[in-house]
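The values are calculated or read from the model by the stated rules, or taken from the named source; none is laboratory data. Given the structure is predicted, the values throughout are model-derived calculations rather than measurements. All Cβ positions, even for glycine, are placed from backbone atoms using ideal geometry, and neighbour counts span all protein chains on display. For the accessible areas, the whole protein counts, side chains as well, though only heavy atoms, and no ligand, DNA or RNA atoms are used. Shrake-Rupley method; radii C 1.70, N 1.55, O 1.52, S 1.80 Å.
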Amino acid sequence: MPCTLDRASGLLLWAVTAGLTALACGQELTSASTGLPGGSLSAPGDQAPSAGGPSGQGDLPGPGSGGPFSPGVGSPGAGGGSSLSPEFGTGGMGGAQFDGVLSPREGLAARLGKHEYRYSVLDVLGVDLSADELDPNVGGLPNDTGDGVFKHYADKQTSTEQHTLAYFEVASSVSKRVDVAALAEKLAVCQDATVDCGAAWTADIGQRLFRRPLDDRESTLYSDVFADALDQGADFDEAARWVVASLLQAPAFLFRFENETLGTPDEERPLTGNELAARLAAFLWVSVPDDELRAAAANGTLETEAGLQAQVARMLADPKAQRFTEAFITDFSRARLAAFDGATDEQRQALHDSIVATFQYHFWDAQRSVAELFTTREFVINPVVAELLGVPPESGTPVGTSASTRLLDVSQLPERVGIMAHPGVIAGMGDREVGSFVNRGKYLLERLLCQNPVAFPMGLEDALEQFNADTTGLNEHEKVAIRKQRVECWGCHAQFEPFAFGFSRFDGAGRYVGEADAAGKPLSLEGWVPIAAEATAPHYSNFAEYMQILATQEEVQRCMTEHFLDFATAHSPDPLVRAHAETVGAQYLASGATLGAMVSAVIGSPIFDSIKVSAPAEDTTAGGGQ
C-alpha cells in the first residue's frame, strides 16, 4: 500500500485504514494480505522452533498433568473435581470450536491497546503520552472498545478513521519530544549526519518498536527516510525524529504480528523466539521486549525451559509487571465507568485508584491466591472510598507514598467480604441509585462464570415495556417474584439475576444501605449461585457465605483462570480457552496458587506459547492464481 511523504514536516503517514478495517471486520491481517510497509511477520532467518522448545513440561507448569481443576481455599488441589461439562460457559460466546484436543489458536494480528501503545513508547523512547494524547475527545488515541471483560481483545477491536489520524498526530508530537542525543548515547549509536549513523539508529530503534529486527525492505525504507531528511538539510537529530515518526505509524509497530503460515498447515508449532518475547512483554509489561528479553529471543535461550523460566521470573520481579495487574483489574472492575447519581470524575478516579491498589496489594504484597480475592478483608482505601464504606478517612494504616492512602482491615464491617464488596467493583456495575438485579446479574455472570446471557427473545419488547410499567415502585426482590411466575421471563433471567441477590443491600455507589430499603421493605440476602437449577445450586443466607461459595466453587475459579488466559492472549473467550483453563488451573494450584504460579501456568499452555499454522492465502496477483 502506498505511503505519502510530507516534505514540509518530514512525517510518513502510512495509509493503514484498510488494514485496520480488515481487522475490525474479523479478517486476518498479514503482510501478504495488506502489502503494508513494515508488515512482514517475522525477521529474516526466523525459523520454526523445534518441538523440543517450551512445551509446558518439567519445572514450568504446563498442560499434561494435574488432573481436573479442583480449587479450594487453603487446600490447593484438594477436592473431587469434575470434567468440563458441555454446557459450561457457552452462553452467548462465539469463537473457535473445541474438538477435544488441547490445541493452540491460529495466529491473529493484535492491534496495540491504548496502554500498550503508551508503555511501548515510554519504554523505548522515554516519552510519556500527555493527557490530551490519551483523550479521544480532543483527538487523542481512541479508547479500546473490545467486547467483553477486557477491552484489548485483538479479535474484538473496532477501528475508525480517528485511529489513523491519532496515530499520525501522536507520532508527530512524540517524535518532537524524544531526547535524541541522550537516547543515541544510551544505545551507543553515532550521531553524525551520515547514512551509516542513520542506518544504525534506524536498526536499533526499529527492532525495539517492531519487537524484532527489521527485514531488508524495512531497513532500506526507513534508512531512506533518514537520508531524505539529510538531503533537505536536516542534522542527525532532526533526521532521527523523521525516522521515529515513521516507525510509530508502521503496521509492524501498531500490530503484533505472528507468522501464521510458517510451518505445515493445520499443525501446531511453537512460537519463534521473537514472537514469544513479544507475547511475554505484552502480557506481563503491557509493552515491548527489553534488551535482555530480545537477546534471549535472538540466542535461542528463550525457547528452552530454563531460559523461559528465568525470563518470566525476571519480568515478574520488575516493577513494570504491576502494569498487567493494573490493566486486569481496571477492566474487570470498570470503576472508572461508575454512573451513580452525582458521580464526579474525581470520585471515579478515587474508586479506580482504590480498587487497583487493593488488587496490587493482594497479589504483590500479601502474595495471596486468586480464590482469596473473594474472601479478603483488606482494602486499600482513600478518603472517597472511606466515606462510601462509612469509616473515618484516617482509618487503617498508611501505605504507599500518600498519607491519605491507607490499608484497612474491614473485618468490623460484616457486609464487606472479598474484593467483590469493594465500592470500586459495585460502582463499576453501572447502577445509578438502587442496584438493578438485571444489570448486576449480567455483570457478575460474565465475570464469575465467563458467560453472557442468551439473546433477548424477539417479539417480547411490548411485554417488557408492560412489565416495567406494572412493576413501577416495586423493589428488586418484588420484581423477581413476579418474573419467577412468568416462564418467558425467568427462563432467561434465572441465568444471571440470582448472582445479584447478595448485593441487594448496596446502592449504586457501593454504600451499604442496611437491611431495608427506603420504603422499609426488607432486603433479603438469601440466594444461590446459578451454576445449576435453583434446587441443586449452592445456596447462601448472607454475604460471607456467598463469597465463600465463590472462593471454593470450581466453575467460578475456572472462569477466573479463563480471564487470565484471555488477558494474556488478548483473545475473547471461546470453547478452546475454556478447555485449556481446566489444565492451567490445576497447574496453578499445584505450583502454590500465587500470581507467579498463575502466570507460569498460563505461559506454559499451548494456547499461549504455540499457534496453529494456517495455509498461505491464494495468490491472486497477475499470473499468480485465479
Listed residues Phe501, Thr405, Cys489: farthest to the positive end of the dipole of the stretch 391-509 (Cβ charges): Thr405
Carbon + sulfur, % of accessible area of the stretch 541-626 - ligands and nucleic acids excluded, 1.4 Å: 50
Isotropic mean projected area of the C-alpha convex hull, the stretch 234-359 (nm²): 12.8
Square roots of 5 times each gyration tensor eigenvalue, C-alpha, the stretch 520-626, largest first, Å: 42, 20, 11
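Can you give the Rg to Rh ratio of the stretch 100-175, both from alpha-carbon atoms, with Rh computed by the Kirkwood formula?
On the way: Rg = 14.5 Å, Rh = 13.7 Å.
Taking Rh as the inverse mean 1/r over Cα pairs, Rg/Rh reads 1.06.
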Top positive-direction residue, dipole computed over the stretch 193-241 with Cβ charges, set Thr220, Ala239, Leu209: Leu209
The stretch 352-510, dipole about Cα centre (Lys/Arg Cβ +1, Asp/Glu Cβ -1), debye to the nearest 20: 340
Label-point separation in nm, Trp364 to Asp147, each point 7 Å along Cα→Cβ: 3.4
Mean shadow area of the stretch 307-381, taken as a quarter of the surface of its Cα convex hull (nm²): 6.0
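Over the stretch 439-485, what percent of the accessible surface lies on carbon and sulfur atoms, probe 1.4 Å? Before the final figure, lay out the partial values.
Values: 1350 of 2520 Å².
Looking at the stretch 439-485 in its full context, I get 54 percent from C and S.
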Radius of gyration and Dmax over the Cα atoms of the stretch 347-426, both given in Å: 11.2, 30
Centroid-to-centroid separation of the stretch 119-176 and the stretch 234-297 [C-alpha atoms, Å]: 17
In order through the stretch 409-419: 3J(HN,Hα) via Karplus (6.51 cos²θ - 1.76 cosθ + 1.60), integer Hz, x for Gly, Pro: 7, 9, 4, 6, 10, x, 7, 9, 10, x, 5
Charge dipole (debye, nearest 20) of the stretch 498-626; +1 at Cβ of Lys and Arg, -1 at Cβ of Asp and Glu: 220
Estimated dipole of the stretch 205-260 in Debye, rounded to 20 [Cβ of Lys and Arg +1, of Asp and Glu -1, Cα centre]: 340
The stretch 381-497: C-alpha gyration tensor shape, a/c 1.5 cut-off, then a/b vs b/c: prolate
Three principal axis lengths of the stretch 165-223 [C-alpha, angstrom, descending]: 32, 27, 20
Calculated SAXS-style log₁₀ I(q)/I(0) at q = 0.11 Å⁻¹ - the stretch 456-551, Debye, Cα scatterers: -0.37
Principal semi-axes in Å for the stretch 141-259 [√(5λ), Cα gyration tensor, largest first]: 29, 15, 13
Segment Thr471-Asp192, extension gain: residue separation times 0.36 nm, minus the distance between their alpha carbons: 92.8 nm
Solvent-accessible surface (1.4 angstrom probe) belonging to Arg440, in square angstrom, nearest 10: 0
Of Lys320/Lys442; Lys114/Lys176; Lys156/Lys612; Lys156/Lys442; Lys151/Lys320; Lys114/Lys320, pairs whose Cα-Cα distance is over 25 Å: Lys320/Lys442
